[in-house]
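Before anything else, here's the structure in question.
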Amino acid sequence: MNEEKKIAGIYIRVSTEDQAREGFSLPEQEKRLRAMCEFKGYEIYNVYKDAGLSAKTGNKRPAFEELKEDIKAKKCNTIVVLKLDRLTRSVYDMEDIMKFLEENNAYLDCANDDINTTSANGRMVARLLTTVSQNEIERTSERTKIGLAGAIKAGNIPHKAPFGYKHVNKKLVPDEATKDQIIRIFNLYHQGNSYQTIANLYNKEKIFGKTNWCDSTILKILENEIYKGDFVHGKRTNNPTYYENVVEPIVSKELWEECQVQKKKNSRNYKRDKEYLFLQKLKCPKCGRILGGNATRKKNGNIYYYYQCHNCKISIKEKDIEKEFDNFITEIQEYDSIVNQTLLPMIKTKLNNPKEKLQKELNEQNSKLERIRKAYINGLFTIEEYDIEKEIVEKTIKHLEEKIIDCDICNELRFTPEDILIKRDLDYINQIIYPNEYEENTYMWKDYTREEKADLIMRYIDYVEIEYYGNKQVRIREVYFRESICKPCNELYDAGFLAKTDYAILGNIVTKLRFSEYLPMEKVSEIVFTLRQYYNVGYFEATYYYDNKVMFFNDYQNRNIVRIFPIEDYRKMDKLDRIELGVIYINNDEKYLIENNEDLFTTIPERTNCKIFELDEETKQKRKEIEKQIEEMKLNNNG
C-alpha cells in the first residue's frame, strides 16, 4: 500500500429523479463519502457535483472535468466515489480514466464496490466491474427498445401530440376539433398551393389561434408520416425505425404520397400561372420529359398557349390537346360534380359516423371554456389573455357545432352508394330525352373558366402521354389519373355502384355503352323502381356468350340502353362460358312522369321498396330461341 498522503476529490453524480429517491441523492452520497474519507484518513480537497447527467460515453460532465484538471494541478490525488457506475459505465471510458490516473500518479477509491487502484489487483477488479456495468446497461437498453417498439405498435407514440392529434389513455388519436385543418393543408397543397400561400391563409384566419404560421411549419406537417398512420422513431439517428399503421390516419396514404411527389417539384412555380391547362402534365412524345409551358399574345389581344420540349425542340399547341381531351373530359367532370363534390363526401361522413366523437369533443371544449372563465375570475388571466383564449375555444365550439349539424343533415338525407348509380342513370337519361334542358341545368366543360379547367385537370390527372400520327398531328395516347382519385372510383365500380363507359358492338354498329359490376337482384330491382318515379324505364335480360363473343339484345333499335350489368357474380364462378346480363333501357319517345321537370336535374327520387321483377313471356321465349341458335352454331363449328 502506497503510504503517500491521500488528498480526496469527492465526486458525486445523479442522473434521474428515480436515482435520487432510491438513495443516490447528492446530499446522501456526499454524507457517506465524507464519513469514508474521515475513516481512512483522507484529506478532502473539494466536492465535485454533476446533477442530472448520465455516465454514457461522450457526455460532458463539467464537475468531473474540473476534478481531472485539479488532479493534473496536483491539488488532489484520489478520486472518491460511491459506486463505480457513478464515474462511468463504459469499458472504453474506464480505460481512459485508468490511464489518466497512472499518468498523474492518482488513485480511485469506491465506497460500495471495494475498489482501490493503488494496487494491480484493485485495477483489475475495477476493469471487471466496469465490464459488468456496461453489459447491464446494454441489456437494459435492449429491453427498453423492445418495450418501446411494442408500445409504438399499440399506438403509444412517445412524443408530443402533433396538430390534429391528441393523447387519450397514452394513445395517439385524431382530435376531432383540429384534424380537419390538417386535412385542409394536404388538400390545399395537393391542389397546387405553395407552403407560403397556405401559411398566409392560416395566419389570416388565425387557425388554432396562431398568427405565426410559416412555410417551414406547413412543410413539416406535409412531411410527417404520422398523418398517414405511420411513425418513424429515431428519425435523426443513423438507424431510424419505421412503424406502419400504428395510429388512425388523418389523410390517406395515397394523398400523402402524392404530396411527397409534388413536393419534389417547385411548388411556387407549380402554380405560378393557372391559365396553363396542362402545366406539368404533358410528356414529350419523343423523349418522355415533362413539357414546359409558353404563351404568346397577338396584336388582337388573344393569347395562344404552347407546350415545348427544349431537348427535342418541339412545340405543341394547347388547343390540339384540349380538343383530344373532349373525348373523355365529360366523364371526369361528371364524376367530380356528382360523385366527388356531392355524394361521396356525404356517404363518407355517414359511414364514419363521427357524431359521437364530435359531441364528446364539444363537451370537452365547453368544459375548457368554463375553466378559462373561472381562471379569469380567480385572477389567473388578464382581460386580454382571457379574451384571446375565449375566442380560440369559442371558434372551436362553433366549428364542432357546425359539423354536428352536417352529420344530422346527412342522416336525414340518407345518401347511400346506390344514390350514385341512380343520379348518374338519371343524368344519362336526361341527356338523351331532354338534351337542351340538361345542358342548361348542368355546368358543362365548355362553361368552365380556364382556371376551373386547369384546377380540374391538376386535381385528377397525374400526367398525359401524347404521340404523333399522320403529318405530325398529336393525340393522347394514355391518361394517368392520380391514385387518390382512382382508388375510390375503382372501389365504387368494383362494388357495383359506379358505371363506366366503353365501346361495344350493338348489331353491326360500334357504339358506347355504360357498364357496371354485379349487384344483388334486390338492389337492381330497387334502383329500377326508384328510376320509374321519374321515367318509365324498362328492364330486360340478355346473355353474353364467351366462346362466340356474342351479346344478344331484344329490339335494341327503338331503345336507348341506359346501363348493362351482370345479374350473377361471375367473379365467383368456376366455369365462365356465359354471363347473364341485366339491361336498363328507355324508349326513344319517353317523357318525364313528374310535375316539375326541374326536379329531374336537381333531385334524387326517394328509394322504393318492391318485389323482384320477373321476365315477361316474350323475353323468356326469345331467350329459348337464342339458346337454340347458339347450340346450332356450336354444332356447325364442330362439324
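Please tell me if residue 44 is hydrophobic (A, V, I, L, M, F, W, C), modelled with pLDDT of 90 or more and closer than 19 Å to residue 94 by Cα.
no
Name every residue in segment 405-447 that is crowded, with 16+ Cβ neighbours inside 10 Å, of a type in the set (Phe, Trp, Tyr), assigned to a loop (DSSP other than H, G, I, E, B) and modelled with pLDDT under 80, in order of residue number.
415
Checking the conditions here, which among 534, 503, 468, 463 is assigned to a loop (DSSP other than H, G, I, E, B) and either over 16 Å from residue 565 (Cβ atoms) or in contact with a Leu (Cβ under 6 Å, 6 or more places away or on another chain) (or both)? Before the answer, list the steps.
Values: 503 fails: assigned to a loop (DSSP other than H, G, I, E, B); 468 fails: assigned to a loop (DSSP other than H, G, I, E, B); 463 fails: assigned to a loop (DSSP other than H, G, I, E, B).
Within the list 534, 503, 468, 463, the selection yields 534.
Can you name the residue in segment 595-611 that is of a type outside the set (A, V, I, L, M, F, W, C) and modelled with pLDDT under 75 and, of all such residues, is farthest from the chain's Cα centre (by Cα)?
Looking at residues that are of a type outside the set (A, V, I, L, M, F, W, C) and modelled with pLDDT under 75, I get 611.
Hey, another quick one. Hey, residue 539 hits all of (1) within 24 Å of residue 427 (Cβ to Cβ); (2) in a strand (DSSP E or B); (3) touching a Pro at 6+ places or on another chain (Cβ under 7 Å) but one; which does it fall short on?
Condition (3) is where residue 539 drops out.
Same structure, new question: Could you please give the count of residues in segment 471-492 that are in a loop (DSSP other than H, G, I, E, B) and either aliphatic (A, V, I, L, M) or within 16 Å of residue 284 (Cβ to Cβ) (or both)?
1
It is to be established whether one or more residues within segment 520-528 are closer than 30 Å to residue 457 by Cβ and either assigned by TED's automatic domain parsing to the domain that holds residue 254 or assigned to a loop (DSSP other than H, G, I, E, B) (or both). If you could, list the steps in order and put the result at the bottom.
Looking only at segment 520-528, we keep the residues that are closer than 30 Å to residue 457 by Cβ, and these are none.
Scanning segment 520-528, I find no residue that is closer than 30 Å to residue 457 by Cβ and either assigned by TED's automatic domain parsing to the domain that holds residue 254 or assigned to a loop (DSSP other than H, G, I, E, B) (or both), so the answer is no.
Restricting to segment 535-573, count the residues that are within 45 Å of the chain's Cα centre (by Cα), modelled with pLDDT under 80 and within 30 Å of residue 434 (Cα to Cα).
Qualifying residue count for the region: 1.
While we're looking at this one, here's another question. Six or more apart or on different chains, Cβ under 7 Å: which pairs go from a residue in segment 23-50 that's part of a helix (DSSP H, G or I) to one that's not aliphatic (A, V, I, L, M)? Could you list them?
26/49
Given the conditions (1) over 24 Å from residue 545 (Cβ atoms); (2) hydrophobic (A, V, I, L, M, F, W, C); (3) in a helix (DSSP H, G or I); (4) modelled with pLDDT under 70, which single one is not true for residue 626?
The single condition residue 626 does not satisfy is (1).
Name the residue that is nearest to residue 220 (Cα to Cα), counting only residues in segment 151-185 that are in contact (Cβ under 8 Å) with a residue 40 or more places away in the chain and in a helix (DSSP H, G or I).
Taking the candidates together, the pick is 182.
Okay, moving on. Among the residues of segment 358-386, write down those that are free of Cβ contacts under 8 Å to residues at least 24 places away in the same chain and of a type in the set (S, T, N, Q).
Passing the criteria: 363, 367, 378, 382.
Let me ask you something else. Out of the residues in segment 186-215 meeting the condition of being under 19 Å from the mean Cα position of the chain (by Cα) and in a helix (DSSP H, G or I), tell me which one is modelled with the lowest pLDDT.
My answer is 190.
Quick one: is residue 183 buried (at least 19 other Cβ atoms within 10 Å of the Cβ), β-branched (Val, Ile, Thr) and at pLDDT 70 or above?
It is false that residue 183 is buried (at least 19 other Cβ atoms within 10 Å of the Cβ), β-branched (Val, Ile, Thr) and at pLDDT 70 or above.
Just to verify a result, which residue in segment 364-383, among those that are assigned to a helix (DSSP H, G or I) and touching a helix residue (DSSP H, G or I) at 6+ places or on another chain (Cβ under 6 Å), is farthest from residue 177 (Cα to Cα)?
Narrowing segment 364-383 to residues assigned to a helix (DSSP H, G or I): 364-377, 383.
Among the residues that remain, those that are also touching a helix residue (DSSP H, G or I) at 6+ places or on another chain (Cβ under 6 Å) are: 365, 368-369, 372, 376.
On the way: 365: 9, 368: 13, 369: 14, 372: 18, 376: 24 Å.
Within segment 364-383, the match that is farthest from residue 177 (Cα to Cα) is 376.
I would also like to ask the following. Looking only at segment 164-180, count every residue that is farther than 14 Å from residue 226 by Cα and surrounded by fewer than 18 Cβ atoms within 10 Å (Cβ to Cβ) and tell me the total. Quick ask: steps written out before the conclusion?
Filtering segment 164-180 for residues farther than 14 Å from residue 226 by Cα gives 168-170, 176-178, 180.
Checking which are surrounded by fewer than 18 Cβ atoms within 10 Å (Cβ to Cβ) leaves us with 168-170, 180.
Total meeting the criteria: 4.
I've got another one for you. Could you check segment 70-122 and list, in sequence order, the residues that are closer than 17 Å to residue 11 by Cβ, more than 60 Å from the chain's Cα centre (by Cα) and at pLDDT below 85?
Within segment 70-122, 116, 117 qualify.
The values are calculated or read from the model by the stated rules, or taken from the named source; none is laboratory data. Owing to the predicted nature of the structure, the values given are computational and were not obtained by experimental measurement. As a convention, Cβ positions derive from the backbone with ideal geometry for all residues, glycine included, and neighbour counts pool all protein chains shown.
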